[in-house]
Amino acid sequence: TVLIVDFGSQFTQLIARRIREAGVFSEIVPFQSAEAAFKRINPKAVILSGGPASTGDIGSPRAPQIVFDAGVPVLGICYGQMAMCVQMGGVAESSDHREFGRAFVEIQKDSPLFEGLWAPGQRHQVWMSHGDRVISLPKGFEVFGKSEGSPFAIFGNVERKMYGIMFHPEVVHTPDGARLLQNFVHKIAGIEGDWTMRAYREHAVETIRKQVGKGKVICALSGGVDSSVAALLIHEAVGDQLTCILVDHGLMRKDEASGVVEMFRQHYNLPLILVDASDRFIGALEGESDPEKKRKTIGRLFIEVFEEEAEKLGGADFLAQGTLYPDVIESVSFTGGPSVTIKSHHNVGGLPERMNMQLVEPLRELFKDEVRALGRELGLPDSFIGRHPFPGPGLAIRCPGSITREKLEILREADAIYLDEIRKAGLYDAIWQAFAVLLPVQTVGVMGDGRTYEFVCALRAVTSVDGMTADFYHYDMAFLGAAATRIINEVRGINRVVYDVTSKPPGTIEWE
Ligand code: XMP
(Lines give C-alpha, C1' and ligand atoms only; values in the text may rest on other atoms or scores of the structure.)
Protein backbone atom coordinates (compact mmCIF):
# COMPACT_ATOMS: atom_id res chain seq x y z
CA THR A 1 0.00 0.00 0.00
CA VAL A 2 0.99 3.56 -0.71
CA LEU A 3 -0.15 6.11 1.86
CA ILE A 4 -1.14 9.44 0.35
CA VAL A 5 -1.11 12.27 2.87
CA ASP A 6 -3.63 14.88 1.81
CA PHE A 7 -2.78 18.52 2.35
CA GLY A 8 -5.96 19.60 0.62
CA SER A 9 -4.94 19.70 -3.02
CA GLN A 10 -7.73 19.52 -5.53
CA PHE A 11 -5.69 16.84 -7.31
CA THR A 12 -5.16 14.40 -4.45
CA GLN A 13 -7.64 11.90 -5.81
CA LEU A 14 -5.85 12.02 -9.12
CA ILE A 15 -2.66 10.89 -7.40
CA ALA A 16 -4.53 7.88 -6.03
CA ARG A 17 -5.90 7.23 -9.41
CA ARG A 18 -2.49 7.24 -11.09
CA ILE A 19 -1.19 4.90 -8.42
CA ARG A 20 -4.08 2.54 -9.10
CA GLU A 21 -3.29 2.77 -12.78
CA ALA A 22 0.23 1.66 -11.92
CA GLY A 23 -1.36 -1.43 -10.40
CA VAL A 24 -0.74 -0.42 -6.79
CA PHE A 25 -3.25 0.08 -4.03
CA SER A 26 -3.21 3.38 -2.18
CA GLU A 27 -5.08 5.04 0.61
CA ILE A 28 -5.64 8.78 1.07
CA VAL A 29 -5.75 10.25 4.54
CA PRO A 30 -5.97 13.88 5.65
CA PHE A 31 -2.69 15.05 7.17
CA GLN A 32 -4.34 15.37 10.59
CA SER A 33 -4.90 11.64 10.85
CA ALA A 34 -1.86 10.52 8.88
CA GLU A 35 0.11 9.31 11.87
CA ALA A 36 -2.53 6.84 13.00
CA ALA A 37 -3.04 5.74 9.42
CA PHE A 38 0.67 5.19 8.95
CA LYS A 39 0.78 2.92 11.99
CA ARG A 40 -2.31 1.04 10.91
CA ILE A 41 -1.34 0.56 7.27
CA ASN A 42 2.40 0.24 7.53
CA PRO A 43 2.78 1.55 3.97
CA LYS A 44 5.60 0.68 1.61
CA ALA A 45 5.77 4.26 0.39
CA VAL A 46 4.30 7.67 1.17
CA ILE A 47 3.24 10.48 -1.14
CA LEU A 48 2.66 13.97 0.24
CA SER A 49 0.07 15.84 -1.80
CA GLY A 50 -0.02 19.47 -2.77
CA GLY A 51 -2.18 21.93 -0.89
CA PRO A 52 -3.25 25.55 -0.69
CA ALA A 53 -1.15 26.50 2.35
CA SER A 54 2.30 28.04 2.52
CA THR A 55 4.89 26.49 4.83
CA GLY A 56 5.56 29.98 6.13
CA ASP A 57 1.99 30.38 7.39
CA ILE A 58 1.47 30.02 11.10
CA GLY A 59 -0.07 26.64 11.78
CA SER A 60 0.47 25.43 8.23
CA PRO A 61 0.17 21.66 7.98
CA ARG A 62 3.00 19.18 8.35
CA ALA A 63 3.38 15.50 7.72
CA PRO A 64 3.74 13.35 10.82
CA GLN A 65 7.41 12.85 11.61
CA ILE A 66 7.05 9.08 11.45
CA VAL A 67 6.76 9.39 7.67
CA PHE A 68 10.35 10.63 7.48
CA ASP A 69 11.72 8.49 10.28
CA ALA A 70 10.40 5.12 9.18
CA GLY A 71 12.81 4.73 6.28
CA VAL A 72 10.12 4.28 3.63
CA PRO A 73 10.39 6.09 0.28
CA VAL A 74 8.64 9.47 0.30
CA LEU A 75 7.58 11.63 -2.62
CA GLY A 76 6.54 15.21 -1.89
CA ILE A 77 4.51 16.97 -4.53
CA CYS A 78 4.22 20.76 -4.60
CA TYR A 79 3.23 21.75 -1.04
CA GLY A 80 4.29 18.23 -0.04
CA GLN A 81 7.75 19.03 -1.37
CA MET A 82 7.87 22.16 0.79
CA ALA A 83 6.70 20.29 3.87
CA MET A 84 9.36 17.65 3.27
CA CYS A 85 11.99 20.32 2.80
CA VAL A 86 11.30 22.17 6.04
CA GLN A 87 10.66 19.03 8.06
CA MET A 88 13.98 17.55 6.93
CA GLY A 89 15.81 20.73 7.95
CA GLY A 90 15.74 22.84 4.80
CA VAL A 91 14.27 26.31 4.31
CA ALA A 92 11.39 27.41 2.11
CA GLU A 93 9.65 30.73 1.56
CA SER A 94 6.85 32.17 -0.49
CA SER A 95 8.10 33.39 -3.79
CA ASP A 96 7.23 36.44 -5.86
CA HIS A 97 7.63 34.40 -8.96
CA ARG A 98 4.51 32.31 -8.84
CA GLU A 99 4.23 29.61 -11.42
CA PHE A 100 0.80 28.48 -12.47
CA GLY A 101 -0.06 26.22 -15.33
CA ARG A 102 2.29 25.04 -18.02
CA ALA A 103 5.97 25.29 -17.23
CA PHE A 104 9.18 23.54 -18.11
CA VAL A 105 11.74 21.78 -15.99
CA GLU A 106 15.32 21.50 -17.05
CA ILE A 107 16.99 18.26 -16.02
CA GLN A 108 20.40 18.72 -14.45
CA LYS A 109 21.28 15.33 -13.10
CA ASP A 110 20.21 11.71 -13.46
CA SER A 111 17.79 10.51 -10.82
CA PRO A 112 16.05 7.20 -10.07
CA LEU A 113 12.83 9.20 -10.15
CA PHE A 114 13.01 9.73 -13.89
CA GLU A 115 15.25 6.86 -14.85
CA GLY A 116 14.54 5.74 -18.40
CA LEU A 117 12.40 8.83 -18.88
CA TRP A 118 14.33 12.06 -18.61
CA ALA A 119 18.03 12.80 -18.99
CA PRO A 120 20.30 15.74 -18.08
CA GLY A 121 20.14 18.62 -20.51
CA GLN A 122 16.55 17.94 -21.53
CA ARG A 123 13.54 20.21 -20.96
CA HIS A 124 10.15 18.75 -20.19
CA GLN A 125 6.69 20.15 -19.90
CA VAL A 126 5.09 19.99 -16.47
CA TRP A 127 2.09 21.52 -14.70
CA MET A 128 2.82 23.90 -11.86
CA SER A 129 0.52 25.46 -9.34
CA HIS A 130 2.40 27.01 -6.46
CA GLY A 131 3.79 30.12 -4.91
CA ASP A 132 6.44 28.74 -2.53
CA ARG A 133 10.00 27.83 -3.24
CA VAL A 134 12.91 26.17 -1.57
CA ILE A 135 15.75 28.39 -0.32
CA SER A 136 18.10 25.81 1.02
CA LEU A 137 18.01 22.07 0.84
CA PRO A 138 18.00 19.70 3.79
CA LYS A 139 21.31 18.00 4.48
CA GLY A 140 22.04 15.09 2.16
CA PHE A 141 19.64 16.32 -0.53
CA GLU A 142 20.66 17.31 -4.05
CA VAL A 143 19.03 19.03 -6.99
CA PHE A 144 18.04 17.08 -10.10
CA GLY A 145 16.20 19.73 -12.06
CA LYS A 146 15.14 23.37 -12.05
CA SER A 147 12.43 25.52 -13.55
CA GLU A 148 12.33 29.19 -14.29
CA GLY A 149 10.86 30.04 -10.90
CA SER A 150 12.44 27.34 -8.79
CA PRO A 151 16.09 26.39 -8.83
CA PHE A 152 15.09 23.38 -6.72
CA ALA A 153 12.17 22.14 -8.80
CA ILE A 154 13.23 18.52 -8.43
CA PHE A 155 15.36 17.43 -5.52
CA GLY A 156 15.95 14.31 -3.51
CA ASN A 157 18.07 12.13 -1.34
CA VAL A 158 18.78 8.95 -3.29
CA GLU A 159 20.04 7.03 -0.30
CA ARG A 160 16.99 7.80 1.83
CA LYS A 161 14.69 7.46 -1.18
CA MET A 162 13.08 10.84 -0.61
CA TYR A 163 12.13 13.05 -3.52
CA GLY A 164 10.41 16.37 -3.85
CA ILE A 165 8.93 17.82 -7.02
CA MET A 166 7.53 21.28 -7.49
CA PHE A 167 5.09 20.30 -10.23
CA HIS A 168 2.04 18.03 -10.37
CA PRO A 169 2.83 14.68 -11.99
CA GLU A 170 -0.74 13.46 -11.51
CA VAL A 171 -2.41 15.79 -14.03
CA VAL A 172 -2.50 15.08 -17.74
CA HIS A 173 -0.75 18.37 -18.50
CA THR A 174 2.43 16.81 -17.18
CA PRO A 175 2.73 14.36 -20.05
CA ASP A 176 5.32 12.09 -18.39
CA GLY A 177 3.82 12.45 -14.93
CA ALA A 178 2.07 9.10 -14.76
CA ARG A 179 5.28 7.30 -15.71
CA LEU A 180 7.20 9.29 -13.17
CA LEU A 181 4.80 8.14 -10.46
CA GLN A 182 5.18 4.59 -11.76
CA ASN A 183 8.92 4.91 -11.36
CA PHE A 184 8.42 6.00 -7.82
CA VAL A 185 6.19 3.11 -6.79
CA HIS A 186 7.72 0.36 -8.92
CA LYS A 187 11.40 1.16 -9.04
CA ILE A 188 12.10 3.30 -5.98
CA ALA A 189 9.62 1.72 -3.58
CA GLY A 190 9.89 -1.70 -5.23
CA ILE A 191 6.14 -2.32 -5.12
CA GLU A 192 4.89 -4.70 -7.75
CA GLY A 193 2.07 -3.52 -9.96
CA ASP A 194 -0.18 -6.51 -9.50
CA TRP A 195 -3.21 -4.74 -8.12
CA THR A 196 -6.34 -4.93 -10.28
CA MET A 197 -10.03 -4.10 -10.22
CA ARG A 198 -10.55 -7.65 -9.00
CA ALA A 199 -8.37 -6.88 -6.00
CA TYR A 200 -10.25 -3.64 -5.46
CA ARG A 201 -13.49 -5.59 -5.51
CA GLU A 202 -12.19 -7.99 -2.88
CA HIS A 203 -10.84 -5.18 -0.76
CA ALA A 204 -14.13 -3.28 -1.02
CA VAL A 205 -16.15 -6.36 -0.12
CA GLU A 206 -13.96 -6.94 2.93
CA THR A 207 -14.31 -3.31 4.00
CA ILE A 208 -18.10 -3.43 3.64
CA ARG A 209 -18.28 -6.64 5.71
CA LYS A 210 -16.25 -5.04 8.46
CA GLN A 211 -18.36 -1.91 8.48
CA VAL A 212 -21.76 -3.53 8.24
CA GLY A 213 -21.28 -6.60 10.41
CA LYS A 214 -24.69 -8.13 10.93
CA GLY A 215 -26.52 -4.86 10.27
CA LYS A 216 -29.26 -4.27 7.73
CA VAL A 217 -28.56 -2.13 4.68
CA ILE A 218 -30.96 -0.37 2.37
CA CYS A 219 -30.01 1.12 -0.95
CA ALA A 220 -31.86 3.57 -3.15
CA LEU A 221 -31.37 2.10 -6.57
CA SER A 222 -31.87 4.54 -9.42
CA GLY A 223 -30.84 2.30 -12.27
CA GLY A 224 -27.79 4.44 -12.87
CA VAL A 225 -24.35 2.92 -13.00
CA ASP A 226 -23.21 4.25 -9.63
CA SER A 227 -26.01 3.03 -7.42
CA SER A 228 -26.10 -0.25 -9.33
CA VAL A 229 -22.42 -0.98 -8.84
CA ALA A 230 -22.66 0.01 -5.18
CA ALA A 231 -25.63 -2.32 -4.70
CA LEU A 232 -23.92 -5.26 -6.38
CA LEU A 233 -20.80 -4.80 -4.34
CA ILE A 234 -22.74 -4.63 -1.09
CA HIS A 235 -24.83 -7.60 -2.08
CA GLU A 236 -21.67 -9.57 -2.69
CA ALA A 237 -20.43 -8.55 0.74
CA VAL A 238 -23.48 -9.07 2.91
CA GLY A 239 -26.01 -10.89 0.73
CA ASP A 240 -29.61 -10.49 1.77
CA GLN A 241 -28.80 -8.13 4.59
CA LEU A 242 -29.19 -5.67 1.72
CA THR A 243 -32.53 -4.58 0.31
CA CYS A 244 -32.74 -2.24 -2.65
CA ILE A 245 -35.60 0.15 -3.14
CA LEU A 246 -36.35 1.65 -6.50
CA VAL A 247 -38.72 4.58 -6.25
CA ASP A 248 -40.46 5.12 -9.56
CA HIS A 249 -41.37 8.79 -9.44
CA GLY A 250 -43.02 8.73 -12.82
CA LEU A 251 -40.25 10.94 -14.17
CA MET A 252 -38.12 8.19 -15.63
CA ARG A 253 -37.39 7.51 -19.24
CA LYS A 254 -39.55 5.18 -21.24
CA ASP A 255 -39.47 1.59 -19.92
CA GLU A 256 -36.71 2.53 -17.52
CA ALA A 257 -38.05 1.27 -14.20
CA SER A 258 -39.21 -2.07 -15.54
CA GLY A 259 -35.94 -2.63 -17.41
CA VAL A 260 -33.84 -2.03 -14.33
CA VAL A 261 -35.99 -4.24 -12.13
CA GLU A 262 -35.85 -7.05 -14.63
CA MET A 263 -32.10 -6.93 -14.88
CA PHE A 264 -31.50 -6.98 -11.16
CA ARG A 265 -34.08 -9.58 -10.28
CA GLN A 266 -33.24 -11.95 -13.09
CA HIS A 267 -29.48 -11.69 -13.35
CA TYR A 268 -28.49 -10.95 -9.83
CA ASN A 269 -31.25 -12.24 -7.64
CA LEU A 270 -30.93 -9.05 -5.66
CA PRO A 271 -33.70 -8.26 -3.15
CA LEU A 272 -35.41 -5.33 -4.82
CA ILE A 273 -38.62 -3.50 -4.08
CA LEU A 274 -40.19 -1.39 -6.81
CA VAL A 275 -42.40 1.37 -5.46
CA ASP A 276 -44.71 3.03 -7.92
CA ALA A 277 -45.05 6.51 -6.46
CA SER A 278 -45.71 8.30 -9.72
CA ASP A 279 -49.15 9.59 -8.74
CA ARG A 280 -47.77 11.09 -5.59
CA PHE A 281 -44.88 12.83 -7.31
CA ILE A 282 -46.77 14.08 -10.30
CA GLY A 283 -49.70 15.13 -8.16
CA ALA A 284 -47.36 17.26 -6.04
CA LEU A 285 -45.57 18.69 -9.07
CA GLU A 286 -48.59 19.53 -11.14
CA GLY A 287 -48.77 23.24 -11.82
CA GLU A 288 -45.32 23.88 -10.35
CA SER A 289 -42.99 25.69 -12.72
CA ASP A 290 -40.21 27.00 -10.49
CA PRO A 291 -37.13 24.82 -11.12
CA GLU A 292 -35.82 24.95 -7.57
CA LYS A 293 -39.24 24.16 -6.10
CA LYS A 294 -39.53 21.19 -8.44
CA ARG A 295 -36.21 19.86 -7.25
CA LYS A 296 -37.05 20.43 -3.60
CA THR A 297 -40.45 18.78 -3.94
CA ILE A 298 -38.93 15.76 -5.60
CA GLY A 299 -36.18 15.52 -3.00
CA ARG A 300 -38.64 15.77 -0.14
CA LEU A 301 -41.07 13.22 -1.57
CA PHE A 302 -38.24 10.88 -2.37
CA ILE A 303 -37.17 10.90 1.23
CA GLU A 304 -40.73 10.42 2.44
CA VAL A 305 -41.42 7.46 0.17
CA PHE A 306 -38.08 5.88 0.86
CA GLU A 307 -38.55 6.29 4.58
CA GLU A 308 -41.99 4.68 4.48
CA GLU A 309 -40.66 1.71 2.58
CA ALA A 310 -37.73 1.34 4.94
CA GLU A 311 -40.12 1.36 7.87
CA LYS A 312 -42.13 -1.43 6.28
CA LEU A 313 -38.93 -3.44 6.25
CA GLY A 314 -38.47 -2.80 9.93
CA GLY A 315 -35.85 -0.10 9.48
CA ALA A 316 -32.18 -0.44 8.66
CA ASP A 317 -28.81 0.36 10.17
CA PHE A 318 -27.10 1.51 7.02
CA LEU A 319 -27.94 3.49 3.93
CA ALA A 320 -25.94 2.60 0.83
CA GLN A 321 -25.07 5.31 -1.66
CA GLY A 322 -23.20 5.28 -4.93
CA THR A 323 -21.35 8.49 -4.12
CA LEU A 324 -18.32 8.95 -6.37
CA TYR A 325 -15.26 10.94 -5.61
CA PRO A 326 -16.24 13.94 -7.72
CA ASP A 327 -19.47 14.14 -5.68
CA VAL A 328 -17.52 14.31 -2.49
CA ILE A 329 -16.87 17.89 -1.58
CA GLU A 330 -14.83 17.17 1.44
CA SER A 331 -11.16 17.23 2.18
CA VAL A 332 -9.18 18.99 4.75
CA SER A 333 -10.98 21.62 6.74
CA PHE A 334 -9.03 24.72 5.81
CA THR A 335 -9.76 24.30 2.11
CA GLY A 336 -13.50 24.41 2.53
CA GLY A 337 -14.74 27.67 1.12
CA PRO A 338 -18.29 28.66 0.41
CA SER A 339 -19.47 27.67 -3.02
CA VAL A 340 -22.56 28.98 -4.71
CA THR A 341 -25.52 26.73 -5.22
CA ILE A 342 -26.23 26.70 -8.92
CA LYS A 343 -28.80 23.95 -8.60
CA SER A 344 -29.76 21.94 -5.59
CA HIS A 345 -28.89 18.48 -6.77
CA HIS A 346 -31.26 15.84 -5.67
CA ASN A 347 -29.90 12.94 -3.71
CA VAL A 348 -30.90 11.17 -0.55
CA GLY A 349 -29.13 13.67 1.65
CA GLY A 350 -30.79 14.26 4.98
CA LEU A 351 -32.04 10.71 5.26
CA PRO A 352 -29.23 9.17 7.29
CA GLU A 353 -29.59 11.58 10.20
CA ARG A 354 -33.34 11.49 10.13
CA MET A 355 -33.48 7.73 10.18
CA ASN A 356 -30.46 7.33 12.38
CA MET A 357 -28.53 5.36 9.78
CA GLN A 358 -24.87 5.26 8.89
CA LEU A 359 -23.72 5.62 5.32
CA VAL A 360 -22.07 2.89 3.28
CA GLU A 361 -20.35 4.44 0.30
CA PRO A 362 -18.11 1.88 -1.37
CA LEU A 363 -17.35 4.05 -4.43
CA ARG A 364 -16.24 7.16 -2.61
CA GLU A 365 -12.67 6.89 -3.83
CA LEU A 366 -13.40 6.17 -7.44
CA PHE A 367 -13.84 8.17 -10.61
CA LYS A 368 -16.63 7.39 -13.03
CA ASP A 369 -14.57 5.36 -15.46
CA GLU A 370 -13.17 3.31 -12.60
CA VAL A 371 -16.71 2.59 -11.41
CA ARG A 372 -17.48 1.40 -14.89
CA ALA A 373 -14.45 -0.90 -14.80
CA LEU A 374 -15.62 -2.21 -11.45
CA GLY A 375 -19.09 -2.76 -12.88
CA ARG A 376 -17.58 -4.81 -15.68
CA GLU A 377 -15.65 -6.78 -13.10
CA LEU A 378 -18.97 -7.48 -11.36
CA GLY A 379 -20.45 -8.72 -14.61
CA LEU A 380 -22.72 -5.82 -15.52
CA PRO A 381 -23.35 -5.82 -19.26
CA ASP A 382 -21.51 -3.18 -21.32
CA SER A 383 -24.79 -1.74 -22.54
CA PHE A 384 -25.65 -0.97 -18.94
CA ILE A 385 -22.26 0.29 -17.90
CA GLY A 386 -21.92 2.72 -20.75
CA ARG A 387 -25.23 4.42 -20.03
CA HIS A 388 -25.42 8.18 -20.05
CA PRO A 389 -25.91 9.84 -16.66
CA PHE A 390 -29.50 10.60 -15.77
CA PRO A 391 -30.42 13.20 -13.16
CA GLY A 392 -32.30 12.23 -10.01
CA PRO A 393 -35.26 14.59 -10.69
CA GLY A 394 -35.56 13.00 -14.12
CA LEU A 395 -37.86 14.37 -16.76
CA ALA A 396 -39.23 17.01 -14.36
CA ILE A 397 -36.22 19.21 -15.08
CA ARG A 398 -36.49 18.55 -18.81
CA CYS A 399 -39.96 19.95 -18.94
CA PRO A 400 -39.48 23.66 -18.18
CA GLY A 401 -42.62 25.35 -16.97
CA SER A 402 -45.46 23.52 -15.31
CA ILE A 403 -45.57 19.76 -15.43
CA THR A 404 -48.52 17.72 -16.54
CA ARG A 405 -48.88 14.02 -17.20
CA GLU A 406 -49.60 14.75 -20.83
CA LYS A 407 -46.42 16.75 -21.28
CA LEU A 408 -44.37 14.07 -19.58
CA GLU A 409 -45.83 11.48 -21.92
CA ILE A 410 -44.98 13.57 -24.98
CA LEU A 411 -41.45 14.15 -23.71
CA ARG A 412 -40.91 10.46 -22.93
CA GLU A 413 -41.84 9.49 -26.47
CA ALA A 414 -39.69 12.14 -28.12
CA ASP A 415 -36.75 11.27 -25.88
CA ALA A 416 -37.05 7.57 -26.70
CA ILE A 417 -37.03 8.25 -30.44
CA TYR A 418 -34.07 10.61 -30.14
CA LEU A 419 -32.03 8.06 -28.22
CA ASP A 420 -33.04 5.31 -30.59
CA GLU A 421 -31.71 7.39 -33.50
CA ILE A 422 -28.49 8.06 -31.63
CA ARG A 423 -27.96 4.36 -30.99
CA LYS A 424 -28.76 3.44 -34.56
CA ALA A 425 -26.26 5.97 -35.83
CA GLY A 426 -23.62 4.47 -33.54
CA LEU A 427 -23.14 7.78 -31.71
CA TYR A 428 -24.23 6.80 -28.21
CA ASP A 429 -20.77 6.16 -26.81
CA ALA A 430 -19.27 9.28 -28.34
CA ILE A 431 -21.77 11.43 -26.44
CA TRP A 432 -21.59 12.08 -22.71
CA GLN A 433 -25.28 12.77 -22.34
CA ALA A 434 -28.18 13.27 -24.74
CA PHE A 435 -31.83 13.98 -24.09
CA ALA A 436 -34.93 15.77 -25.28
CA VAL A 437 -36.48 18.79 -23.57
CA LEU A 438 -40.11 19.76 -24.01
CA LEU A 439 -40.41 23.53 -24.16
CA PRO A 440 -43.45 25.30 -22.73
CA VAL A 441 -43.92 27.02 -26.05
CA GLN A 442 -46.34 26.20 -28.81
CA THR A 443 -45.72 27.15 -32.39
CA VAL A 444 -47.66 27.01 -35.59
CA GLY A 445 -46.98 24.34 -38.16
CA VAL A 446 -48.61 22.70 -41.11
CA MET A 447 -49.18 18.99 -41.36
CA GLY A 448 -51.08 17.42 -44.22
CA ASP A 449 -53.13 20.38 -45.24
CA GLY A 450 -53.97 21.50 -41.77
CA ARG A 451 -52.64 23.98 -39.30
CA THR A 452 -51.02 22.64 -36.16
CA TYR A 453 -50.30 24.44 -32.92
CA GLU A 454 -48.07 22.25 -30.80
CA PHE A 455 -45.04 22.15 -28.55
CA VAL A 456 -41.40 22.70 -29.45
CA CYS A 457 -38.95 19.96 -28.57
CA ALA A 458 -35.31 20.85 -27.99
CA LEU A 459 -32.61 18.23 -28.44
CA ARG A 460 -29.48 18.35 -26.35
CA ALA A 461 -26.26 16.35 -26.66
CA VAL A 462 -22.97 17.17 -25.01
CA THR A 463 -19.47 15.87 -24.75
CA SER A 464 -17.79 16.10 -21.38
CA VAL A 465 -15.26 14.37 -19.20
CA ASP A 466 -16.82 14.92 -15.82
CA GLY A 467 -19.99 16.94 -16.35
CA MET A 468 -18.33 20.04 -14.92
CA THR A 469 -17.69 21.54 -18.32
CA ALA A 470 -19.24 20.46 -21.58
CA ASP A 471 -19.41 21.24 -25.26
CA PHE A 472 -22.46 20.65 -27.42
CA TYR A 473 -22.08 17.65 -29.67
CA HIS A 474 -21.37 18.54 -33.29
CA TYR A 475 -23.85 16.39 -35.16
CA ASP A 476 -24.00 15.98 -38.82
CA MET A 477 -27.04 18.02 -39.95
CA ALA A 478 -28.46 15.01 -41.77
CA PHE A 479 -28.65 13.16 -38.48
CA LEU A 480 -30.49 16.02 -36.78
CA GLY A 481 -32.86 16.34 -39.70
CA ALA A 482 -33.72 12.65 -39.59
CA ALA A 483 -34.24 12.63 -35.82
CA ALA A 484 -36.43 15.74 -36.02
CA THR A 485 -38.57 14.28 -38.77
CA ARG A 486 -39.17 11.10 -36.83
CA ILE A 487 -40.10 12.98 -33.67
CA ILE A 488 -42.53 15.28 -35.45
CA ASN A 489 -44.10 12.42 -37.38
CA GLU A 490 -44.37 9.99 -34.53
CA VAL A 491 -45.10 12.11 -31.48
CA ARG A 492 -48.43 13.83 -31.27
CA GLY A 493 -48.05 17.18 -29.59
CA ILE A 494 -44.72 18.23 -31.12
CA ASN A 495 -44.50 20.09 -34.39
CA ARG A 496 -41.08 21.67 -34.21
CA VAL A 497 -37.61 20.52 -33.14
CA VAL A 498 -34.58 22.68 -32.32
CA TYR A 499 -31.02 21.81 -31.35
CA ASP A 500 -29.27 23.35 -28.34
CA VAL A 501 -25.78 24.63 -29.25
CA THR A 502 -24.80 25.98 -25.83
CA SER A 503 -21.69 24.84 -24.05
CA LYS A 504 -21.23 24.66 -20.27
CA PRO A 505 -20.36 27.23 -19.07
CA PRO A 506 -22.23 29.49 -19.72
CA GLY A 507 -25.13 27.03 -20.02
CA THR A 508 -25.65 24.03 -17.80
CA ILE A 509 -26.20 20.59 -19.25
CA GLU A 510 -29.79 20.34 -18.07
CA TRP A 511 -32.23 23.12 -18.84
CA GLU A 512 -33.31 23.56 -15.23
P1 XMP B 1 -25.84 20.51 -14.97
O2 XMP B 1 -27.22 20.69 -15.52
O3 XMP B 1 -25.68 21.02 -13.58
O4 XMP B 1 -25.63 18.94 -14.87
O5 XMP B 1 -24.78 21.02 -15.91
C6 XMP B 1 -24.40 18.29 -14.68
C7 XMP B 1 -24.67 16.81 -14.58
O8 XMP B 1 -25.42 16.54 -13.40
C9 XMP B 1 -26.66 15.95 -13.73
N10 XMP B 1 -27.66 16.52 -12.82
C11 XMP B 1 -28.15 15.88 -11.76
N12 XMP B 1 -27.92 14.65 -11.29
N13 XMP B 1 -29.44 15.03 -9.54
C14 XMP B 1 -28.59 14.22 -10.20
O15 XMP B 1 -28.43 13.07 -9.78
C16 XMP B 1 -29.71 16.29 -9.94
O17 XMP B 1 -30.48 17.00 -9.33
C18 XMP B 1 -29.03 16.73 -11.12
N19 XMP B 1 -29.05 17.89 -11.81
C20 XMP B 1 -28.19 17.74 -12.86
C21 XMP B 1 -26.90 16.29 -15.17
O22 XMP B 1 -27.76 15.34 -15.79
C23 XMP B 1 -25.51 16.26 -15.73
O24 XMP B 1 -25.07 14.95 -15.97
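The values are calculated or read from the model by the stated rules, or taken from the named source; none is laboratory data. This is a predicted model, so every value here is computed, not measured. Ideal geometry is used to build each Cβ from the backbone, glycine not excepted, and the neighbour counts take in all protein chains shown. Calculation scope for accessible area: heavy atoms of the full protein, side chains included, ligands and nucleic acids excluded. Shrake-Rupley method; radii C 1.70, N 1.55, O 1.52, S 1.80 Å.
Computed from point charges on the beta carbon alone (+1 for Lys and Arg, -1 for Asp and Glu), the dipole magnitude for region 369-512 about its Cα centre is near 340 Debye. Sparse packing (at most 11 other Cβ atoms within 10 Å of the Cβ) combined with a DSSP loop state is found for the following trypsin sites (Lys or Arg not before Pro) in region 150-231: Lys214.
The Asp449 and Asn269 beta-carbon pair, evaluated with R₀ = 51 Å, returns a calculated FRET efficiency of approximately 0.35.
Each Lys or Arg adds one and each Asp or Glu takes one away; over the other residues whose Cβ falls under 13 Å from the Cβ of Gly386, this sums to +2. Surface composition of the chain: carbon and sulfur make up 49 percent of the accessible area, probe 1.4 Å. In plain terms, the chain from Asp471 to Arg387 could stretch by 28.4 nm, reckoned as 0.36 nm per residue minus the Cα-Cα distance. Round to the nearest 0.05 the FRET efficiency obtained for Ser258 and Gln125 when R0 = 41 Å and r is the Cβ-Cβ distance. After rounding, the FRET efficiency stands at 0.20. For the chain, with the dipole built from +1 on Lys and Arg beta-carbon atoms and -1 on Asp and Glu ones, taken about the Cα centre, which of Ala425, Leu14, Leu272 lies farthest toward the positive end? Going by the Cα projections, it comes out as Leu14.
For region 175-210, list residues with backbone N below 13 Å from a point placed 7 Å from the Cα of Arg376 toward its Cβ? Within reach of a label on Arg376: 197-198. Rounded to whole numbers, the Karplus 3J(HN,Hα) couplings from phi for region 25-39 are 7, 9, 9, 9, 9, x, 4, 5, 10, 5, 5, 4, 5, 4, 5 Hz, using 6.51 cos²θ - 1.76 cosθ + 1.60 with θ = phi - 60°, and x at Gly and Pro. Across region 101-189, Cα pairs under 8 Å and at least six residues apart give a relative contact order of 30 percent. For the chain, a crude dipole built from +1 on the beta carbon of Lys and Arg and -1 on the beta carbon of Asp and Glu, taken about the Cα centre, is about 540 debye to the nearest 20. For Glu409 and Arg354, what is the calculated FRET efficiency with R₀ set at 30 Å and r taken between the beta-carbons, to the nearest 0.05? Here the calculated transfer efficiency is 0.35. Label positions at Ser54 and Ile66, each projected 7 Å from the Cα along the C-beta direction, are separated by 3.2 nm. Legend: distances between Cα atoms for Lys216/Lys294; Lys368/Lys504; Lys254/Lys424; Lys39/Lys146; Lys216/Lys293; Lys44/Lys214; pairs beyond 27 Å are Lys216/Lys294; Lys39/Lys146; Lys216/Lys293; Lys44/Lys214. Placing unit charges on each Cβ (+1 for Lys and Arg, -1 for Asp and Glu) gives the chain a dipole about its Cα centre, and among Phe184, His249, Val225 the Cα reaching farthest toward its positive end belongs to Phe184.
With protein chains left intact and a 1.4 Å probe, residues in the chain average 44 Å² of accessible area per residue. For Gln122, the residues 5 or more places off, or on other chains, whose built amide H falls under 5 Å of its own are Ile107. Using just its DSSP H runs of length 4 or more, each adding -39500 (n - 2.57), the chain gives a mean residue ellipticity at 222 nm of -9000 deg cm²/dmol after division by all residues. Rounded, prolate or oblate for region 145-199? Axes are the square roots of the Cα gyration tensor eigenvalues, ordered a ≥ b ≥ c, and the cut-off for rounded is a/c under 1.5. Oblate, since a/c reaches 1.5 and b/c is not below a/b.
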